[in-house]
1. In region 244-272, what residues are among the hydroxyl-bearing types (Ser, Thr, Tyr) and part of a loop (DSSP other than H, G, I, E, B)?
2. Exactly one condition in (1) crowded, with 17+ Cβ neighbours inside 10 Å; (2) more than 28 Å from Asp18 (Cβ to Cβ) is not met by Thr345; state its number.
3. Go through Ala82, Ala92, Ala38, Ala23 for me and flag whichever is under 13 Å from Ser7 (Cα atoms), outside any helix (DSSP H, G or I) and modelled with pLDDT under 80.
4. Restricting to region 312-335, name every residue that is at pLDDT 90 or above and assigned to a strand (DSSP E or B).
5. I need the full set of residues from region 348-357 which are surrounded by 17 or more Cβ atoms within 10 Å (Cβ to Cβ) and part of a loop (DSSP other than H, G, I, E, B), in order please.
6. Can you list the helices (runs of 4 or more DSSP H) found entirely within region 107-224 that contain at least 2 residues being within 28 Å of Phe268 (Cβ to Cβ), outside the structural domain of Arg42 (by TED's automatic domain parsing) and not hydroxyl-bearing (Ser, Thr, Tyr)?
7. Kindly indicate the residue of region 269-328 that is basic (Lys, Arg) and more than 15 Å from Pro344 (Cβ to Cβ) and also surrounded by the fewest Cβ atoms within 10 Å (Cβ to Cβ) among those meeting that condition.
8. Anything in region 43-56 that is closer than 23 Å to Arg339 by Cα and either modelled with pLDDT of 85 or more or surrounded by fewer than 17 Cβ atoms within 10 Å (Cβ to Cβ) (or both)? List them, or say none.
Amino acid sequence: MDNCAESATLYFKSGSSDKVYQAQIDAADGGGYVVNVAYGRRGGSLATGTKTKSPVDHAAALRIFHKVLSEKRSKGYTDGDAGTPYLHSESAGRVSGLVPQLLNVIDEAEVGRVVADPLWVMQEKFDGRRLMLRKVGGTVEGINKLGLVINVAAPIAAAAQTIPGDLVLDGEAIGDRFHVFDMLSHDGTELREQPYSARYGALAALLDSAGPSAHLGYVDCWTDAADKADQLAALRTRNAEGAVFKRWDAPYRQGRPSSGGAQLKLKFVATASAVVTTINQQRSVGVSLLDGGGWRSVGNVTVPANQNVPQLGDVVEVRYLYAAQVGGALYQPVLLGVRDDVEPTECVVAQLKFKAS
């Protein structure tokens, strides 16, 4: 970043945990300095925040910067090479006016039908964070799945600046690469009511004309039934996150339908977003899911030593082998971390993958 005065990246690796923490001193637009941070799983899309509520002088920023690094080192983080810088927006946290189209899960039993149907196309499901990117003039901002403005990795923002015209893109961010699968508007033309085939075609043509980028590109899309079947098998073989199926003739509809819908996801790895409802003594938490009008406990999950214990009411992501048919308890749950882009009302029993009877 041009206005980044100083930065450092720390790493923590223990067992299956591999995390990164970045702190940087940025020059504030109105004078003074702020200390911003980005953190999360290495190679993933990082959460961002700030350690200064308002700009401070450089000496104060340095003290805060070094205090933050000292605290992380005391917890086992070690120094490493510089990581991906993030653009920190003063608008972060405000309502953007945009909400992405969210997908329901498709059952394995239904996969064959959509693979064979020419009206459904298939794409790879990436293991990142949902991100909408809005570019207006020289300003690029990110929007999360809740519709809130968030900070964007600087390389992604820089890549977006090379694309001509104002636009809104929808995709998945992994580290400093943005995998784009939809375009909602471009240069004043609203595209959401157009079928996905038209939106995807316009997206591919635009990004092809802008030239290749290491940090932003559109995802492959398979339309032929045989290609879909072959690619689905290939995704399973390389242990990909999953696949996404979309109606080729459907417009863009924000939010998540109560069931079904024109966009569906197939997850090869079972994960669920759940709400922390109890804090146990032995570094574990109890998690629950909405079942009708009430909360159903689905068991306890151990908090890894390198993670802070979540608070009551936090939404957390849990990986598991399967859920019990009776009661829904999660078998072999693993806590992946806190989710700040998922609402408690989204934590429903319908997410679960149950053990075959």
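The values are calculated or read from the model by the stated rules, or taken from the named source; none is laboratory data. Predicted model only: the values in this text are computed from it and were never measured. Every residue, glycine as well, gets a Cβ built from its backbone with ideal geometry; the counts of neighbours run over all protein chains shown.
1. Scanning region 244-272 gives Tyr252, Ser258, Ser259.
2. (1)
3. On the way: Ala92 fails: under 13 Å from Ser7 (Cα atoms); Ala38 fails: modelled with pLDDT under 80; Ala23 fails: modelled with pLDDT under 80.
Unique residue meeting the criteria: Ala82.
4. Once the filter is applied, which keeps residues that are at pLDDT 90 or above and assigned to a strand (DSSP E or B), region 312-335 yields Val315, Val316, Glu317, Val318, Arg319, Ala323, Leu330, Tyr331, Val334, Leu335.
5. So in region 348-357, the residues surrounded by 17 or more Cβ atoms within 10 Å (Cβ to Cβ) come out as 349, 351-353.
Selection gives Leu352, Lys353.
6. On the way: elements: 108-116, 154-161, 196-210.
So the answer is 108-116, 196-210.
7. Just the residues of region 269-328 that are basic (Lys, Arg), to begin with: 283, 296, 319.
Then keep just the ones that are more than 15 Å from Pro344 (Cβ to Cβ); that gives 283, 319.
Values: Arg283: 12, Arg319: 15.
Top of the filtered list is Arg283.
8. Narrowing region 43-56 to residues closer than 23 Å to Arg339 by Cα: 43-53.
Across region 43-56, the qualifying residues are Gly43, Gly49, Thr50, Lys51, Thr52, Lys53.
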